[in-house]
Amino acid sequence: MTSYTVPFDSAACRDAREVGGKALGLAEMTAAGLPVAPGFTVTAAAYRDFLDENGLHDDVRRVLGRVDPDDPATFEAAERELAELLGRAPLPAAVAAQVRRAYAELSARVGLDEVSVAVRSSATAEDSAGDSFAGEFETWVDVVGADDVLAHVHRCYLSVFTGRVFSYAAERDIDLRSVEMAVVVQKTVRARSAGVMFTLDPITGDRSRIVLESSWGLGLSVVGGEVTPDRYEVDKVGLTLDKRVPGDKRVEYRSGDRPVPVPEDRRTRLCLDDDEVLALAALGRRLEKLQGGPQDIEFAVDEDLPRDSNLVLLQCRPETVWSRVKRAPAFDAGAGLMTWVTSSIGTGDRMPTRAGDGEGGHRHG
């Protein structure tokens, strides 16, 4: 029998071809003993069988064949047609049965009848060091009950073929016929604060820094650009907090996908204390070493957990902006100082434009 669901702590969840980049990152963090909210992945095999059982492969190829990378109007037409085709196609019964069982097991594991979960797209082509689909696919939070989980797995399948994804794929020359969708189902974190962490400076590319940006509540307001987040800069080597810059945090997401106003007295108050920043930075440094390169990490501070165990990692992926920039050559004493200076100037390095993120509640991610 085909396994359509695999828990984060299983070896099967470390096959990127079946679980996608997001789930692979969660599985690797789980295996390394890092703090990750529990969950499971609906594999790409479920997506393939969804297309197979509903006879959708030929339809998908036909519609994609009419997409012109230079004509955005064809993106919208393809999105509408594929949304109708995939939207009326049911999930295979075997897939639905396994998702129901996995959700029941996750609920029992955390001691609830029906645990609130995030349902997150994890495409098999996303989150490599060269290409990141961050911000293109879909994520929902506070999904409760097996029926609703199944409905949102289905919605993740539809998110493979949106105009936004067509545009990104055209820019990167990615064939969407090669993209398959796995889905992460993960316990919702009750975030007091949340945000993103880069194990380099995302503005300058300085690899001696760790930079965190955070806001109140779930991280949706940060990755969606709805607030000016607090910013913290940490020296990576000594793990010392060098800079704190309060933001202007006017809205927060406490649950679901609807923001609420932040009271004025909290808008410019730092939402992480120094100990939390340094503990997160230490986790970021461990992840960078584990993954062998700079990381883009999402985190939360879970208000339901004790202070000594309330930091939760939600996602990690390779940093995709500075990883593509050619670095200046190291100084060669034998060649002479001026040779090194002129060769560095000749590399043509420029500060890249930071790519936008987008993970979160009914948000893109």
| Which of the residues that make up the stretch 210-230 are at pLDDT 95 or above, open to solvent by 20 Å² or more (accessible area, probe 1.4 Å) and under 17 Å from the mean Cα position of the chain (by Cα)? | E213
| Can you pull out the residues in the stretch 190-201 that are part of a loop (DSSP other than H, G, I, E, B) and crowded, with 22+ Cβ neighbours inside 10 Å? | T199, L200
| field | Subset of the stretch 75-85 [open to solvent by less than 30 Å² (accessible area, probe 1.4 Å) and not aliphatic (A, V, I, L, M)] | value | F75
| In the stretch 164-187, how many residues are closer than 17 Å to T41 by Cα and either open to solvent by 10 Å² or more (accessible area, probe 1.4 Å) or in contact with a Pro (Cβ under 8 Å, 6 or more places away or on another chain) (or both)? | 3
| request: Kindly indicate whether any position in the stretch 150-169 is closer than 30 Å to E303 by Cα, out of contact with any helix residue (DSSP H, G or I) (no Cβ under 7 Å at 6 or more places or on another chain) and of a type outside the set (A, V, I, L, M, F, W, C). | output: yes
| query | Is the stretch 93-112 home to any residue that is in a loop (DSSP other than H, G, I, E, B), surrounded by 15 or more Cβ atoms within 10 Å (Cβ to Cβ), more than 24 Å from the chain's Cα centre (by Cα) and not charged (D, E, K, R)? | reply | no
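Only one of these is surrounded by fewer than 15 Cβ atoms within 10 Å (Cβ to Cβ) and either in contact with a Lys or Arg (Cβ under 9 Å, 6 or more places away or on another chain) or modelled with pLDDT of 95 or more (or both): R207, R269. Name it.
Every option except R269 fails the conditions.
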| Residues that are in contact with a helix residue (DSSP H, G or I) (Cβ under 8 Å, 6 or more places away or on another chain) and at pLDDT below 85, drawn from the stretch 304-334 | A328, P329, F331, D332
| query | Do the conditions hold for V301, that is, is it farther than 15 Å from I210 by Cα, out of contact with any helix residue (DSSP H, G or I) (no Cβ under 7 Å at 6 or more places or on another chain) and open to solvent by less than 20 Å² (accessible area, probe 1.4 Å)? | reply | no
| query | Of the residues in the stretch 171-196, how many are more than 18 Å from the chain's Cα centre (by Cα) and within 30 Å of E213 (Cα to Cα)? | reply | 3
| Quick one: in the stretch 277-308, which of the residues that are without any contact (Cβ under 8 Å) to a residue 60 or more places away in the chain and in a helix (DSSP H, G or I) is farthest from D230 (Cα to Cα)? | K289
| field | Residue list for the stretch 231-251, filter: under 17 Å from D296 (Cα atoms) and open to solvent by less than 10 Å² (accessible area, probe 1.4 Å) | value | Y232, V234
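The values are calculated or read from the model by the stated rules, or taken from the named source; none is laboratory data. Everything numeric here is computed off the predicted structure, so don't read it as measured data. Here the Cβ is made from the backbone with ideal geometry for all residues, glycine too, and neighbour counts use every protein chain on show. What goes into the accessible areas is simple: the full protein's heavy atoms, side chains included, and nothing from ligands, DNA or RNA. Shrake-Rupley method; radii C 1.70, N 1.55, O 1.52, S 1.80 Å.
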